[in-house]
Structures are given as C-alpha cells and as structure tokens.
Amino acid sequence: MTNLLIHLFIPGTECASEQTIRLRYGQLAGIVGIAANILLCLVKLLAGIVTHSISVMADAVNNLTDALSSVISLISFHLSGKEPDRNHPFGYGRTEYIAGLFVSMLIIFVGFQFIKSSVERILHPSEVLFSWNSILLLGVSMLVKLWLGLFNRRIGKEIHSPVLMAAMQDSLNDVITTGVVLLGMIASRFTTLPVDGYVGIAVAAFILYAGYGLAKDALSPLIGEKADPALVEEIQALVTSYDGVLGVHDLIVHNYGAGHWFASVHAEVPSDGDMIAIHETIDAIEHQALKSLNIFLVIHMDPIEINNERVQTVRRQTEQILHDIDPTLTMHDFRMVDGENQINLIFDVVIDHHFIPEELRTRIRTELRSIDPRFNPVIVFDHTM
C-alpha cells in the first residue's frame, strides 16, 4: 500500500532530496494521516457511545488530535519549504519543530482532560456494555494505526522529517493504548469494578507521556542541541582529508530545520605555507561539504608554526601536561612569545562542563613553571559543543 501511494502521488522519487519532492512527500503523509485518523476517530467514537466506555471515547479523541497533528504538519511542510527572504535568511525549516511543539501541547491538554473524566468515572461508575462488534473495530483500528506508523517512518526517513518521525512514534503509541482499552473492555465483562475508569487513566497517562516526549524532541533543536557526533566526525574527516590542513577545532553546527545545516570550523594550516594555495583548498572543502554533506560550511584558517623546533618542543610538553591531568583535554592555537624574563605561552584548551576553569588554569601554570619558571601560560577555555 505504501509503495502504491508513493508511486501514484510522487513521481520522480529519485530526486527526493529536492525541496519540491520533499513537499510532495509531506503532503502525502499529511493527507493520509488526516484521512486515517478521522476515520478511526469516528469508528471509536461510535463504539464508545454504544458501549458507554470513557476509555474508548478517550482513545477516539486521541485519534482526533492525531488528525489535527497531521493538519499542522501539512501546514508546517508548506512553511518550511519557503525560500529564504530578507527577514529570514536561513529559511523557514524550523517551523516543523514549532509545529511539533504545538502538537505536543495539544496532546498534553487532552491527556489531562481524560484523567479528569476517568477519575469521575471511578468515583461515579456506570455500566460498560460489552460488544463483540466494538472489540472487532478496535482490533482493526490497531492494524490501521500500525500501518500508519510504518508509513510515517518510511517517509520520515526518506525526507529526514522530525515531524513525521514523531507521528510514527505517536501511531505506535496509539497501537498500545488501543490494546489497553481493548483488554479493559474484555475485563469489564467479568467484574463489577470500574475497570473502564482505571483503563482511561492508563490511556491518559500514556497520552501525557507521548506529549512530553514530543515536546522534548521539538524543544531540543529549537533551544540549540548538541550536534550529532556522527555528523561532527564526518565534517572533521572531510576537512582533515585535504593536504595542507593539519587539524580542526571550534566546530559549531547550527540546525535550521531538516536539510538546513550550517557549520563553522577553524582549520589549522602551516604559517609558512602558500596562503593563496591554502585559500583555494579551503574553498574546495567548503564546496565539497555542501555537495556531499549538504552543509553550508564556513572555514576560518588558523596559521600555526610547525618548523620551529623549540616551539614544537614546548607545545609537546604542554600537550603532555594536559594529557596527564585528563586524557580528554585538548588544545589548539598554540603560540609562543619569547622574552628574556618571561615567555608567554598562548593557547586554547577544550574542556567539558565538569571542569572548573580557574582550578585547571592554576594546575597547568604550576606544571609548566616546573619546566621553566619563565613560562607564563595565557589560556582561553573552550567548551565542547
């Protein structure tokens, strides 16, 4: 079914990376999600009315919020596909995250409402009418939701969409919640306890948990999350693969939505090299990053001295001190300004957030001055991204 829908509605899938094709995928996922969830909502609402089950009706309204989520994701795909303009030079890609956050807030609201209704059902029980037809409808709805989750995962991976991957997880959560409701209906046939109310609370709790997870996933990139380590390694490997680049540091990656990546990095190059040739190399790396990684990369050149043996000796001594303190410590931009009574050692140290900079600065200074009392380290601390 998934392949048939893609074949019918999205011609030219071999160009799925293009923005127009991505929009078509998003439109297809949104329309299918709206249709499937509205149908499931009506079916479950009918079953809930017939059986007087608050848990079934809670599950029905949960599908209605999923349909609204699909509407919002459909709108977000149109907005995220807009070209950059004067006021938004990095495009509108983050509207997908905003849409995901809005949907999560809606889901959390629905969860709290059904906790309230379920508690009322426990305090004031009413009979739940058992119906095999309702059981059958719930079973079929689980299969539909399972297919919808796999459908969203297929397209979400194809176009790298956080909204559709969230919709996939929500669909799989719905399979579990509907299964709990179904078991509750069967259990109500064998007991006079207000099972329906307790199941309603369980479903509502699951809805709240799903809403929290979606909110967390949407907020993290909006706030500015740490770059994926695999992506960091790819960028570093690309830059250092070129002749003339000795090392990289201060890599910063910005995410402006799926397919909208920007990054900056400092590349260490020989200070006595041909700057024109090195600049051409840097340009080539930036073009290759855009072509192969789809990242707009800006590279800053940091010339370092590599042919002065005395400077290299002190550099190696400093690196050894850092390694002895903690193997995770690294440094860059090492320079030495010689003087008769004082030798300034200027360098940056990359630290994690558990280090206390002033304590670390004092220890490094003490270790260096044990080698030569004239050493005066001038240290700038960078935090790992």
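Ranked highest first by the average count of other Cβ atoms within 10 Å around their residues, in what order do 367-373, 243-249 fall?
Output ranking for 367-373, 243-249: 243-249, 367-373.
Figure the gain on full extension for LEU39 and PHE296 (residue separation times 0.36 nm, minus the Cα-Cα span) and round it to one decimal in nm.
88.2 nm
With an 8 Å Cα cut-off and a minimum separation of 6 or more residues, compute the relative contact order for region 1-113 in percent.
Contact order relative to length: 22 percent.
Report the full-extension gain for the segment LEU246 to LEU46: residue separation times 0.36 nm, less the Cα-Cα distance, to one decimal in nm.
Extra length from LEU246 to LEU46 when fully extended: 65.2 nm.
Work through the residues other than PRO357 whose Cβ is under 15 Å from its Cβ and net out their charges, Lys, Arg +1 and Asp, Glu -1.
-3
For region 229-304, what class follows from the C-alpha gyration tensor (a ≥ b ≥ c being the square roots of its eigenvalues): rounded when a/c is under 1.5, otherwise prolate if a/b is larger than b/c, else oblate?
Since a/c reaches 1.5 and a/b is larger than b/c, the shape of region 229-304 is classed as prolate.
Dipole of the chain, Cα-centred, from +1 at each Lys and Arg C-beta and -1 at each Asp and Glu C-beta, to the nearest 20 debye?
Value, rounded to 20: 2060 debye.
Please report, in debye to the nearest 20, how large the charge dipole of region 1-104 is about its Cα centre when each Lys and Arg carries +1 at its beta carbon and each Asp and Glu carries -1 there.
Dipole of region 1-104, to the nearest 20 debye: 100 debye.
Only Lys, Arg, Asp and Glu count, each charged at its Cβ (+1, +1, -1, -1), so figure out the dipole size of region 229-304 about its Cα centre, rounded to 20 debye.
340
Nearest 500 deg cm²/dmol is fine: what mean residue ellipticity at 222 nm does the chain get from its DSSP H runs of n ≥ 4 alone, each adding -39,500 (n - 2.57), divided by its residue count?
-21500 deg cm²/dmol, from helical runs alone.
Would you list the membrane-span-like helices of the chain, meaning whole DSSP H runs whose alpha-carbon atoms span at least 27 Å along their axis and whose mean Kyte-Doolittle value is at least 0.0?
19-51, 54-80, 95-123, 132-159, 162-188, 195-223
Please identify, among ARG94, ARG86, ARG365, the residue showing maximal mean-square fluctuation in a Gaussian network model of the chain using a 10 angstrom Cα cutoff.
Result: ARG86 has the largest fluctuation of those listed.
Taking a ≥ b ≥ c as the square roots of the Cα gyration tensor eigenvalues, with a/c under 1.5 meaning rounded and otherwise prolate when a/b beats b/c, else oblate, which class fits region 2-223?
Taking the square roots of the gyration eigenvalues as a ≥ b ≥ c, region 2-223 is prolate.
Which residue, chosen from ILE282, VAL245, ILE295, occupies the Cα position most advanced towards the positive end of the dipole of region 222-309, where the dipole is computed from +1 (Lys, Arg) and -1 (Asp, Glu) charges on Cβ about the Cα centre?
Result: ILE295, furthest along the dipole toward the positive end.
Alpha carbon centre of region 151-218 versus region 37-113: separation in Å?
14
With contacts defined as alpha carbon pairs under 8 Å and 6 or more residues apart, what's the relative contact order of region 229-304 in percent?
RCO, region 229-304: 31 percent.
Taking a 26 Å limit on the Cα-Cα distance, which of the listed pairs LYS44/LYS216; LYS145/LYS291; LYS157/LYS216; LYS157/LYS291; LYS82/LYS291 fall beyond it?
LYS44/LYS216; LYS145/LYS291
Calculate how many DSSP beta bridges within region 229-304 are antiparallel, expressed in % of all such bridges and rounded to the nearest 5.
In region 229-304, DSSP labels about 40 percent of beta bridges as antiparallel.
Mean separation of Cα pairs under 8 Å and 6+ residues apart, divided by the residue count of the chain: what relative contact order is that in percent?
So the answer I get is 13 percent.
Would you grab the residues whose amide H sits under 5 Å from the one on ASP382? Only those 5+ places off in sequence or on another chain, please, with H modelled 1.01 Å from N.
VAL349, VAL350, ILE351
What percent antiparallel are the DSSP beta bridges of the chain, to the nearest 5?
Roughly 40 percent of the DSSP beta bridges within the chain come out antiparallel.
Given VAL175, VAL119, ILE343, which one lies farthest toward the positive end of the charge dipole of the chain, if we put +1 on the Cβ of every Lys and Arg and -1 on the Cβ of every Asp and Glu?
About the Cα centre, the residue reaching furthest to the positive side is VAL119.
Read the figures in this text as sums done on the coordinates, not as results from a lab. This structure is a prediction, so every number in the text was calculated from the model and none was measured. Don't worry about glycine lacking a Cβ; one is built from the backbone with ideal geometry, like all the others, and counts go over all protein chains shown.
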